[in-house]
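Note sheet for the following structure.
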Amino acid sequence: MSSDSFFHPVSGFDLPRFAGVPTFMRLPHVELDNPRLKDVQVGFIGSPWDSGTTNRPGPRHGPRQLRDLSTMIRAQNGATGVRPFEMVNCADLGDVAPNPADIQDAMDRITRFFETVRAHGIRPITAGGDHLNSLPILRALGTPEPLGMVHFDSHTDLFHSYFGGNMYTHGTPFRRAIEESLLDPKRVVQIGIRGSTYDSEDRDFADSVGVRVIPIEEFHARGVEDVMAEAREIVGTKPTYLSYDIDFIDPAFAPGTGTPEVGGPNSYQALQVIRLLDRVNIVGADLVEVSPPFDASGATAFLGVSVMFEILCQMAVTMTRG
C-alpha cells in the first residue's frame, strides 16, 4: 500500500476541481530529473505529437485537454472499489518534447524519454497524440523480449505504407512494431475493427503473422465478456502493452477524434473491456487520438481519462497482487 501522501492526488474537498494547475488526476508533477522519480511506480505522460496523422489533425492538443478533464477523477473506482492511489505511487511525469517538423527526430525523442522511464522501473500510461506515438514507446518497452498487446481500435494500424512509401503514419505503427520484433504477433489481439477499407492488405498481414483481429460484428455478436476472455487467453500473464484508440468507441459517445467510425461500443462498454483484463500484466499503456478541435464539450476527453483511470486500476491490482 502507498503510504506516501506526496503521491496522493489533491482532493476536491480541499481544492475545487476548477482551481489549481491541472495535472493528470491532480497528481504531483515529477520531472525526470526530480529525485523523487525513483519512488514513482506508475507515471502519467503526455505525448503531444500528431505528425503521423493522415486526415484531420488535432491530437497534439489531446494531453492538455485530457489533463484538464482528469480533474474530475476521484480516489475510488465506483464500480470495483479499487483505490489505486493508495496501492501504488503515481505521478504526472510531464510531456515528451516532440519535434513537430521531423518525424524521425520526434520518435527518437519519445523513445529516449520512455527509456528513462523504464530504467526507473516505472509503468507508463501515456496520453497522445496520434497512434504513431505507440511505435517509439514500444521501442523503449519492447526489448529485449517482445510484448503482447491488447489493442482497442476501429482500425488495425497494420498497413505497410501510405502515399507512395511513407512508412511512418498513424496507420502503420504496429506493422513496424512487429517487423522490429517489439511485439509478438501471436500475443496480439485487436478488438473493434470496422468501417470501410482501402483493401485487405492490413488484414492479410495480420493473418500471415498470427495477429487475432476481432471485428466489431463479432464483438457485438459474442458480447464483451466472451471476447475479453479470449483476449486474456491470447496475451496470458507475460508482459503486455495496452493501446487504446479513442475511435474504438462509437462517435456518438466520443466524437472528438480524427478518424471516427460508426457502429462501435458505447461508453459503458468502453470501460467494461478494461475491467475485464483481470490478471493481465500491463507494463505500459496509451490512450490516443483524442482531438480537442472536434471535442467542443470535452465529453470525449472525459471519457478518455475515465479509460485511463480504469487502466490504472487494473495496473495497481496486478502490481500489488504479488
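Some notes on this structure:
- Using a Förster distance of 51 Å, the FRET efficiency for SER11-VAL209 (Cβ separation, nearest 0.05): 0.60
- Each of GLU179 and GLU217 was given a label point 7 Å from its Cα along the Cα-to-Cβ line. The distance between the two points is 3.0 nm.
- Take the chain with all the other protein chains still there, run a 1.4 Å probe, and you get 40 Å² of accessible area per residue.
- Region 1-65: C-alpha gyration tensor shape, a/c 1.5 cut-off, then a/b vs b/c: oblate
- Solvent-accessible area, 1.4 Å probe, carbon plus sulfur percent, for the chain: 52
- Dimensions in Å of region 83-227 - Rg and Dmax from alpha carbons: 16.4, 51
- Cα centroid separation, region 1-77 to region 155-176 (Å): 30
- Highest mean packing comes first when the peptides 57-67, 228-238 are listed by Cβ atoms within 10 Å, giving 57-67, 228-238.
- Distance between the pseudo-spin-label points of ALA252 and SER200 (7 Å out from Cα toward the beta carbon): 3.0 nm.
- For the residues LEU138, LEU147, LEU15, a GNM of the chain with alpha-carbon springs under 10 Å puts the largest fluctuation on LEU15.
- Where (1) 32.5, 105; (2) 21.1, 67; (3) 18.0, 55 are the candidate values, the label of the one calculated here for Rg and Dmax of the Cα atoms in Å is (3).
- Mean Cβ count within 10 Å, highest first, over the residues of peptides 274-282, 173-181: 173-181, 274-282
- Burial ranking of peptide ranges 73-83, 149-159 (average Cβ count within 10 Å, highest at the top): 149-159, 73-83
- Efficiency of FRET from Cβ geometry, PHE163 and ALA79, R₀ 35 Å, rounded to 0.05: 0.20
- Three-way shape label, region 168-215, alpha-carbon gyration tensor, a/c 1.5: oblate
- Histogrammed with a bin width of 5 Å, the alpha carbon distances of region 69-155 distribute as 3, 11, 19, 20, 18, 17, 9, 3, 1 percent, first bin at zero.
- For region 149-158, 3J(HN,Hα) computed residue by residue from phi via the Karplus equation (6.51, -1.76, 1.60; θ = phi - 60°) reads 8, 9, 10, 9, 5, 9, 10, 6, 6, 10 Hz, glycine and proline entered as x.
- The slack in the chain from ALA19 to MET72, taken as 0.36 nm per residue of separation less the alpha-carbon distance, amounts to 17.9 nm.
- Restricting the chymotrypsin sites (Phe, Trp or Tyr not before Pro) of region 1-102 to loop positions (DSSP other than H, G, I, E, B) with no more than 16 neighbouring Cβ atoms within 10 Å leaves PHE13, PHE18.
- Sorting GLU289, GLU145, GLU31 by solvent-accessible area of protein heavy atoms yields GLU145, GLU31, GLU289, largest first, with a 1.4 Å probe.
The values are calculated or read from the model by the stated rules, or taken from the named source; none is laboratory data. Everything quoted here is computed from the prediction, not taken from an experiment. Glycine gets a Cβ as well: all are built from the backbone with ideal geometry, and neighbour counts include every protein chain shown. Heavy atoms of the whole protein, side chains included, go into the accessibility calculation; ligands, DNA and RNA do not. Shrake-Rupley method; radii C 1.70, N 1.55, O 1.52, S 1.80 Å.
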